[in-house]
Amino acid sequence: MKTPIRVAVTGAAGQIGYALLFRIASGAMFGPDQPVILQLIEAPVEKALKALEGVAMELDDCAFPLLKGIVQTSDPAVGFKDANWCLLVGAKPRGPGMERADLLKDNGKIFIGQGQIIDAVAAADARVAVVGNPANTNCMIAASQAKRLPPERFTAMVRLDQNRAQSQLAQKAGVDLTAVKDIFIYGNHSPTMFPAFAHANINGQPAAKVINDDAWLQGPFCETVGKRGAAIIAARGASSAASAANALVDHVRSLVTPGAVHSVAVKSNGHYGFDANVWAGMPVRTTTPGSYEILTHYDLSDAFSQQKLAATNKELVEERAFVADMIK
Ligand code: NAD
Ligand code: LMR
């Protein structure tokens, strides 16, 4: 039996938390032979903590063989203690008519304190994955507070966008989802994101050739993927939760699987025209569990891609400027 890993989850009693914890405890995130201890962190609000009690009771009632312990707390110093993975979900979701960046003022400050505490008390090998919006900039904020943990350990989720893009391409081409490969998300988890179809393939053929509709790829495809979150809010009256939780399972599972190639928002190294010190979606290859290399060989020098990359980079730089005072 492997040693259990400690997985801290913020916002554990929220919508995403409810769709996520049972997947982690069942082995979907870290594998069927990896025991876990869940360290569940909620806001210090009576209603949230009461709801968390109920979630913990349900976790008990599942009798998951891999679940070796549950911590419930509103104290991040307790919740992040010795955590190997810190999943930062807890933050306000946006409502209809808002952009994710509108959440920065309220949500950004959460990630200052959490970045500091994670750096102080989490395990030496700690990895951080940010979901709370606006995810890229919140991740940058958390990483900015760390002195011990290197910035590469802090990633933000654009996997939901990759999954959405894969699904849209498969539907348009009328093929099984698994036929679509190498569709990666560049930039911000916002409508400016760029689902770079130029390198995607369908049954081993270039996706653009199979779909044979550049106007659709450059227009409705990019728009549908970029604005899918808002479409879900409009339809459901609440932001995506089960698909977000599923994407976080995919994000972490791919990050612990050497050889996996997938989209992650990571600290820019200047490739693809991204400013240094913004967290931008890019393709990475997992090297060893929890570590990755940024894949820099994709050619996105055509005019359309350049314009999309510049727009999403500009937005990330603006978000960073907006919180500059906060992260001093
Ligand atoms: P929710 O309101 O249902 O749950 C959020 C939970 O976080 C609440 O229970 C709240 O009490 C808790 N919380 C708030 N501040 C906290 C803190 N400081 N510490 C610990 N817990 C705290 O929201 P949700 O639908 O679960 O969404 C959570 C976040 O994820 C939102 O910001 C949403 O926009 C974002 N999101 C991101 C993606 C993505 O692809 N990156 C996808 C979907 C949702
Ligand atoms: C999503 O993409 O579904 C989430 O980021 C929620 C939102 O605000 O769109």
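The values are calculated or read from the model by the stated rules, or taken from the named source; none is laboratory data. Owing to the predicted nature of the structure, the values given are computational and were not obtained by experimental measurement. No Cβ is skipped: glycine too gets one built from the backbone with ideal geometry, and neighbour counts run over all protein chains shown.
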Filtered residues of the stretch 301-328 (kept if over 19 Å from H189 (Cα atoms) and either of a type outside the set (A, V, I, L, M, F, W, C) or in a loop (DSSP other than H, G, I, E, B) (or both)): S301, D302, A324, D325, M326, I327, K328
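Residues in the stretch 99-108: is at least one under 20 Å from A126 (Cα atoms) and either free of Cβ contacts under 8 Å to residues at least 40 places away in the same chain or acidic (D, E) (or both)? Before you say what the answer is, go through the steps one by one.
Here is the first cut: in the stretch 99-108, the ones under 20 Å from A126 (Cα atoms) are none.
No.
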Can you confirm whether T155 is within 16 Å of ligand 1 (Cβ to nearest atom), in a strand (DSSP E or B) and buried (at least 23 other Cβ atoms within 10 Å of the Cβ)? yes
If I go through the stretch 33-56 residue by residue, how many of them are crowded, with 18+ Cβ neighbours inside 10 Å, in a loop (DSSP other than H, G, I, E, B) and either away from ligand 1 (no atom under 12 Å from the Cβ) or modelled with pLDDT under 95 (or both)? 1
List the pairs whose first member sits in the stretch 218-247 and is not assigned by TED's automatic domain parsing to the domain that holds L21 and of a type in the set (D, E, K, R), whose second member is assigned to a helix (DSSP H, G or I) and away from ligand 1 (no atom under 13 Å from the Cβ), and whose Cβ atoms are under 9 Å apart, counting only residues at least 6 apart or on separate chains? R228/Q168
So which residues in the stretch 65-87 are buried (at least 18 other Cβ atoms within 10 Å of the Cβ) and in contact with a helix residue (DSSP H, G or I) (Cβ under 6 Å, 6 or more places away or on another chain)? L67, I70, Q72, T73, P76, F80, K81, C86
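Please note which helices (runs of 4 or more DSSP H) are completely contained in the stretch 72-148 and include at least 1 residues that are within 13 Å of ligand 2 (Cβ to nearest atom). Steps first, answer last, please.
Numbers: elements: 76-79, 104-121, 135-144.
Fully inside the stretch 72-148 and qualifying: 104-121, 135-144.
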Can you confirm whether I141 is modelled with pLDDT of 95 or more and either of a type in the set (G, A, S) or within 17 Å of the chain's Cα centre (by Cα) (or both)? yes
Do we have any residue at all in the stretch 10-32 that's farther than 18 Å from S254 by Cβ, in a strand (DSSP E or B) and within 18 Å of the chain's Cα centre (by Cα)? yes
